[in-house]
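Here is the structure we will look at, set down as structure tokens.
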Amino acid sequence: MSMVKEFREFAMRGNVVDMAVGIVIGAAFGKIVTSFVNDVLMPPIGIALGGVDFSDLVVTLKEASGDVAAVTVNYGSFIQTVIDFIIIAFAIFMVVKAMNSLKKKEEEKPAAPPAPPADVVLLTEIRDLLKKD
């Protein structure tokens, strides 16, 4: 089997296509959450903490000199990234929890009892007719 043919079979499997769609949607969802954290969530938190802008929180290890930029540890950006992760993880948790509860509901539905065989139905009818007399 040629490498191209084997790759085509691998790429066309349903699971791979589903995974690719999930990755694309996940990347878009990540951008939405990042915007939510940076533009909606962090400004009120910064105001509540006394006007702190988290993106400005840095520790300067070496001051800038001439054309050389300062060396900083940007822990404010790290805090925002951690909050992004927590929100995304919580959203995924809620989706998985909802899917699991839907699966449980499907499993809990009792199956309809199977229809009795024709001979049992016939014997039941005969019994009922005999009881009438």
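What the table below lists for this structure:
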| item | result |
| --- | --- |
| Candidate set: region 1-33, residues that are of a type in the set (A, V, I, L, M, F, W, C) and in contact (Cβ under 8 Å) with a residue 24 or more places away in the chain; chosen: the one most open to solvent (accessible area, probe 1.4 Å) | F29 |
| Leading residue by the ranking (modelled with the lowest pLDDT) among those in region 49-64 that are farther than 21 Å from F85 by Cβ and of a type in the set (A, V, I, L, M, F, W, C) | A64 |
| M42 vs. criteria under 20 Å from F85 (Cα atoms) and either touching a Lys or Arg at 6+ places or on another chain (Cβ under 7 Å) or not hydroxyl-bearing (S, T, Y) (or both) | yes |
| Among (1) part of a helix (DSSP H, G or I); (2) more than 27 Å from the chain's Cα centre (by Cα) - the single one V82 does not satisfy | (2) |
| Filtered residue count, region 45-73, keeping only those that are outside any loop (DSSP other than H, G, I, E, B) and either open to solvent by 80 Å² or more (accessible area, probe 1.4 Å) or touching a Lys or Arg at 6+ places or on another chain (Cβ under 8 Å) (or both) | 7 |
| Positions within region 85-133 being in a loop (DSSP other than H, G, I, E, B) and open to solvent by 100 Å² or more (accessible area, probe 1.4 Å), in sequence order | K109, P110, P113, P114, D133 |
| Cross-chain or 6+ apart pairs with Cβ under 8 Å, region 34-61 first and within 13 Å of G76 (Cα to Cα), then of a type in the set (F, W, Y) | M42/F54; I45/F54; G46/F54; L57/Y75; V58/Y75; V59/Y75 |
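The values are calculated or read from the model by the stated rules, or taken from the named source; none is laboratory data. Just so it is clear, the model here is predicted, and its values are computed rather than measured. No Cβ is skipped: glycine too gets one built from the backbone with ideal geometry, and neighbour counts run over all protein chains shown. Ligands, DNA and RNA are excluded from the accessible area calculation, which covers all protein heavy atoms including side chains. Shrake-Rupley method; radii C 1.70, N 1.55, O 1.52, S 1.80 Å.
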